[in-house]
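Written out below as structure tokens is the structure these notes cover.
The values are calculated or read from the model by the stated rules, or taken from the named source; none is laboratory data. Remember, it's a predicted structure, so these values are computed and weren't measured experimentally. So basically every Cβ, Gly included, is an ideal-geometry build from the backbone, and we count neighbours across all protein chains shown. These area figures cover heavy atoms from the full protein model, side chains too; ligands, DNA and RNA do not enter into them. Shrake-Rupley method; radii C 1.70, N 1.55, O 1.52, S 1.80 Å.
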There are 4 protein chains.
Amino acid sequence: MRADARRNRERITTAALRLFAERGPEVSMEEIARAAGLGVGTLYRHFPDRRALAKEIAAVTLEDLLDAARAAIARDAPRWDVLRAMVAQAAGRPMSLLKSLLEAGDTETPRLRELQDAYNASLTEVVRAAQDEGTLRRDLSPDQVMGLFNLALCRPGARADDAVVTVVLDGLRSRGDAAAGTGQVRVAGR
Amino acid sequence: MRADARRNRERITTAALRLFAERGPEVSMEEIARAAGLGVGTLYRHFPDRRALAKEIAAVTLEDLLDAARAAIARDAPRWDVLRAMVAQAAGRPMSLLKSLLEAGDTETPRLRELQDAYNASLTEVVRAAQDEGTLRRDLSPDQVMGLFNLALCRPGARADDAVVTVVLDGLRSRGDAAAGTGQVRVAGR
Amino acid sequence: MRADARRNRERITTAALRLFAERGPEVSMEEIARAAGLGVGTLYRHFPDRRALAKEIAAVTLEDLLDAARAAIARDAPRWDVLRAMVAQAAGRPMSLLKSLLEAGDTETPRLRELQDAYNASLTEVVRAAQDEGTLRRDLSPDQVMGLFNLALCRPGARADDAVVTVVLDGLRSRGDAAAGTGQVRVAGR
Amino acid sequence: MRADARRNRERITTAALRLFAERGPEVSMEEIARAAGLGVGTLYRHFPDRRALAKEIAAVTLEDLLDAARAAIARDAPRWDVLRAMVAQAAGRPMSLLKSLLEAGDTETPRLRELQDAYNASLTEVVRAAQDEGTLRRDLSPDQVMGLFNLALCRPGARADDAVVTVVLDGLRSRGDAAAGTGQVRVAGR
DNA sequence: AATGAATGAGACTTCATTCAT
DNA sequence: GATGAATGAAGTCTCATTCAT
């Protein structure tokens, strides 16, 4: 691939990443192209159709999250903190895109599936460990935890420390844990 | 209104209620008509435009929720249980429609506004009482609680006792409360 | 035909006459029915379709005009005055409907055709006589005079003595005629 | 703008100009597109909506008329002849479109408004001068003259020398003028 | 027979996708 | 290879016409 082609592809994914994150999964192709400073034609040269672009963005996002997750996992810290880090990482990403792709249930995209599997595997690992260390409640499967993360983060303007995330994290905390619920939600005047 | 017209109006609202709940606020008029076993024209005879239908469905939903909320409030039970009942009532309703209408910010529909205000008032009342009785965490405003409910329930297939709702409710529970977190999430195989 | 049926038919034609005259040939069937205080169904019972109603209104109008024309013709007055009377009669009638039907060129409606023929015959008679008496310019066919009348009158709010009618009549006046152009147009401030 | 785009835009305006002139202001976008040999989408790329197309056609028409009017005004000829030239220019143009836009009363389109004002100014100038030179009857305001022109020309197939135009012009001629009414209408067999 | 509800074709418009330049 | 113009299917809405009550 030529240098300019690579540059264009990059511009597209950057623009799409931002727009999908800021405005949800329904942004028009025209708009993405405009934000990338390119014509639609170029967009379609790089991605055969809208789904392909969406999947690419999803994949890139998952790769990033996976890298960050692995880094967090490698650290010598309570698994609960690793979980929190994974949530923090996901804030500001196009999670609603991930979710809508997941809901659409596309079984034919190996790369995406692999990434999802890998991410799920990492998450599962952390979830199990956190459950073992007694910080994460035991009655949830990793998938369900994933669902809750998605939920907490699939909002425009989601931040890692806002009320929703805090409450969800507290809800995930093990009940027997005395240290639970130390996070305080800032009461905002709407 | 003639018997057949009433019957058809009912069919329309039933179909719309279901489709908006199952598939979100973007279902097409054509599809709603089809689901009701009617032509599009009939839809438009009963509701001048898409917004009107959406508002009607929203209003009906809010009325139901409000009735149920008032009934629950009237009962002699812990306010926490009232909150739970309100959440339970909302499951399976077109909450995402409510949300999108709220976001669209239509100030010109008195009935809807009144219902929203009344519902908010009820919720606020319960929230404050639950915070007073020490079951609901004190660092959240009623609006934030509302936001969390919306979040927990604006999903296709949301159920009153699924993992998401359970975790969110637990996250809302006051930390000092020894009885907290008794609810068990069923571990589902995805 | 029963008495109430006749009454309804009358209501319809009255309403249609007025609406076609005031608002042109595009009024909706619904609106005509409403103005008549009836349901659309009743309208369609009396007139198989929109064209039929339009033709009926056109026919009624032509009949009226024809009666008035014949009365005027019978009088002992200059033929020019008869012409003017015919124009005056036509003001406030649904002339644009007549025109649009004429343009649509429906050859299959005997009654309408007969009426048009009869009216044309009367007009032709008057036109020829006026041309003979030297008041109407000689370079126009009766059809063209008819066209000009239509033109002068196919306006919402056309009145028998407004600027347009005056100018058209003056333009029709024979040039050699010393008495021509006595009519003064009121200069309106728009 | 690319060559093909310009060509297509031209095709659209040409087709629209013709259809609006021949069939009035209500032609469908579909039909205009078909007449231009293009898809509807292309129409909408060039003109955001129906009104925009209509305004463009109106503006182009007014520009043409204004140019021709100014050229005629600049000539050393009786103002009456200038008036006639202005009428002649307008024949075959989509005057009914102009009229309907005027009636719709769009105050938000500066260009169109300027053109209308400029054209009205030119016409007013010529009308006053013709009244001063004694050829145009004095009992009409420029607006009324404009109204008569519209009337004479808002017909499908209006031609500069047909019976209607001739009669209207003769009706506008000053009565004291001995030379009046020299124009002969061709008697058509319709 | 009267009513007005139901129908569906057609109008306007948007946007994912294809294709000429 | 890039561009943005062209396409047409699909969505919302209207209205002439049909039909159940």
(request) Just tell me which lysines come within less than 29 Å, Cα to Cα, of A:Lys55; anything on the same chain fewer than 8 places away is out. (result) A:Lys99, B:Lys99
(message) For a quick check of your reading of the filter: which GluC sites (Glu not before Pro) in segment A:23-107 sit in a DSSP loop and have no more than 16 other Cβ atoms within 10 Å?
(response) A:Glu26
(message) Suppose you put the label 7 Å out from Cα in the Cβ direction; list, shortest first and in nm with one decimal, how far C:Glu26 is from each other copy's label.
(response) 0.5, 3.2, 3.5
(request) On a 0 to 90° scale, report how tilted helix B:110-133 is relative to the longest principal axis of chain B, with both axes built from alpha carbons and the result rounded to the nearest 10. (result) 10
(message) Buried accessible area between A and B (1.4 Å probe, both chains summed, ligands and nucleic acids excluded), in Å² to the nearest 100?
(response) 2500
(message) Show me, bin by bin at 20 Å from 0, the whole-percent P(r) of the protein assembly as shown based on Cα pairs.
(response) 13, 30, 24, 21, 11, 1
(request) Find, among the trypsin sites (Lys or Arg not before Pro) in segment B:55-146, those assigned to loop by DSSP (not H, G, I, E, B) with at most 11 other beta-carbon atoms within 10 angstrom. (result) B:Arg75
(message) As I understand it, the value is the acute angle between the Cα axis of helix B:3-23 and the longest principal axis of the Cα atoms of chain B; what does it come to in degrees, rounded to 10?
(response) 50
(request) Please state the charge dipole magnitude for chain D, taken about the Cα centre, from unit charges on C-beta atoms (+1 on K and R, -1 on D and E), reported in debye and rounded to the nearest 20. (result) 520
(request) Would you mind telling me the share, in percent, of accessible area of chain C contributed by carbon and sulfur at probe 1.4 angstrom? (result) 49
(message) From Cα pairs below 8 angstrom and at least 6 apart in sequence, can you work out the relative contact order of segment B:50-190, rounded to a whole percent?
(response) 27
(request) Using only alpha carbon positions, build the gyration tensor of segment D:1-47, then give the equivalent ellipsoid semi-axes as the square roots of 5 times its eigenvalues, largest first, whole angstrom. (result) 18, 11, 8
(message) Below 15 angstrom from the Cβ of D:Ala3, what's the summed charge of the other residues (Lys, Arg +1; Asp, Glu -1)?
(response) +3
(request) Treat chain A as a sphere of radius equal to its Kirkwood radius over Cα pairs and apply Stokes-Einstein at 10 °C in a medium of 1.306 mPa s; give the translational diffusion coefficient in µm²/s, rounded to a whole number. (result) 89
(message) Please give the Cα centre distance for segment D:1-72 versus segment C:35-99, rounded to the nearest Å.
(response) 38
(message) If you rotate chain B onto chain A, whose Cβ in B ends up lying nearest the axis, and how many Å away is it?
(response) B:Gly171, 1
(message) Probe of 1.4 angstrom, ligands and nucleic acids ignored: what's the accessible area per residue over chain D, in square angstrom?
(response) 49
(request) Let me have the 222 nm mean residue ellipticity of the protein assembly as shown computed from DSSP H runs of 4+ only, each contributing -39500 (n - 2.57), with the sum over all residues rounded to the nearest 500. (result) -22000 deg cm²/dmol
(request) Jot down the per residue volume, in cubic angstrom and as a whole number, of the convex hull over the alpha-carbon atoms of segment C:22-134. (result) 110
(request) Measure nothing fancy, just the Cα-based angle from helix A:95-104's long axis to the longest principal axis of chain A, in degrees from 0 to 90, nearest 10. (result) 80
